[in-house]
1. Kindly establish whether A23 is within 14 Å of A83 (Cα to Cα), aliphatic (A, V, I, L, M) and surrounded by fewer than 18 Cβ atoms within 10 Å (Cβ to Cβ).
2. Answer yes or no: is there a residue in the stretch 29-39 that is in a loop (DSSP other than H, G, I, E, B), of a type in the set (A, V, I, L, M, F, W, C), surrounded by 12 or more Cβ atoms within 10 Å (Cβ to Cβ) and out of contact with any Pro (no Cβ under 9 Å at 6 or more places or on another chain).
3. Among the listed residues A24, A51, which satisfies the condition of being of a type in the set (A, V, I, L, M, F, W, C) and in a loop (DSSP other than H, G, I, E, B)?
4. Which residue is surrounded by the most Cβ atoms within 10 Å (Cβ to Cβ), if the candidates are limited to the stretch 75-120 and must be within 18 Å of V38 (Cβ to Cβ) and β-branched (V, I, T)?
5. Please go through the stretch 61-120 and give me each residue that is among the charged types (D, E, K, R) and part of a loop (DSSP other than H, G, I, E, B), ordered by number.
Amino acid sequence: MRDPVFETEELTPSSCRVRFRAAADLDWFRGHFDGLPVLPGIAQIYFVTLALGKISGAARRSFRIAGFRQVKFTFPMTVGDEAELSVRVDGGGERLDFEIRSPGGTVFSEGHASLSWSAS
């Protein structure tokens, strides 16, 4: 499965901000739904894990999502939509906050997760 192409805007040991486009050739759109392709929520969560991997590398810690506390999918993301994904890890490495929004400010999804980690 092809991952989205992330353009990194910001990367620190506690945050990652990337831009991407919901390209028509992403496998996630197949069958979801004919006539009006929508990026599934699980794909958006997967993108969060990709950004968390970038933070792990910068922090030299292996962060893992232990469980989601809250996730809201507030607006459908469709083929061609441009988006900015922001992921932040708290100072103790125990909580992750994320948001995916359009350049115009429309929030596609947002949420919070519990983290576990180990030194890399």
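Rule-based calculations on the coordinates, nothing more; no lab input. Values in this document were obtained by computation on a predicted structure and should not be read as measured data. Counting neighbours? That spans all protein chains shown, and the Cβs are built from the backbone with ideal geometry, glycine included.
1. Working: within 14 Å of A83 (Cα to Cα): yes; aliphatic (A, V, I, L, M): yes; surrounded by fewer than 18 Cβ atoms within 10 Å (Cβ to Cβ): yes.
So A23 passes the test.
2. The initial filter retains those residues of the stretch 29-39 that are in a loop (DSSP other than H, G, I, E, B), namely 30-37, 39.
Filter once more, keeping what is of a type in the set (A, V, I, L, M, F, W, C): 33, 36, 39.
If we keep only those that are surrounded by 12 or more Cβ atoms within 10 Å (Cβ to Cβ) as well, we get 39.
Okay, now just the ones that are also out of contact with any Pro (no Cβ under 9 Å at 6 or more places or on another chain), so none.
Within the stretch 29-39, none of the residues are in a loop (DSSP other than H, G, I, E, B), of a type in the set (A, V, I, L, M, F, W, C), surrounded by 12 or more Cβ atoms within 10 Å (Cβ to Cβ) and out of contact with any Pro (no Cβ under 9 Å at 6 or more places or on another chain).
3. On the way: A51 fails: in a loop (DSSP other than H, G, I, E, B).
None of the others qualify; the one that does is A24.
4. Checked the stretch 75-120; the qualifying residue surrounded by the most Cβ atoms within 10 Å (Cβ to Cβ) is I100.
5. In the first step, residues of the stretch 61-120 are kept if they are among the charged types (D, E, K, R); the result is 61, 64, 69, 72, 81-82, 84, 88, 90, 94-95, 97, 99, 101, 110.
Selection gives D81, D90, E94.
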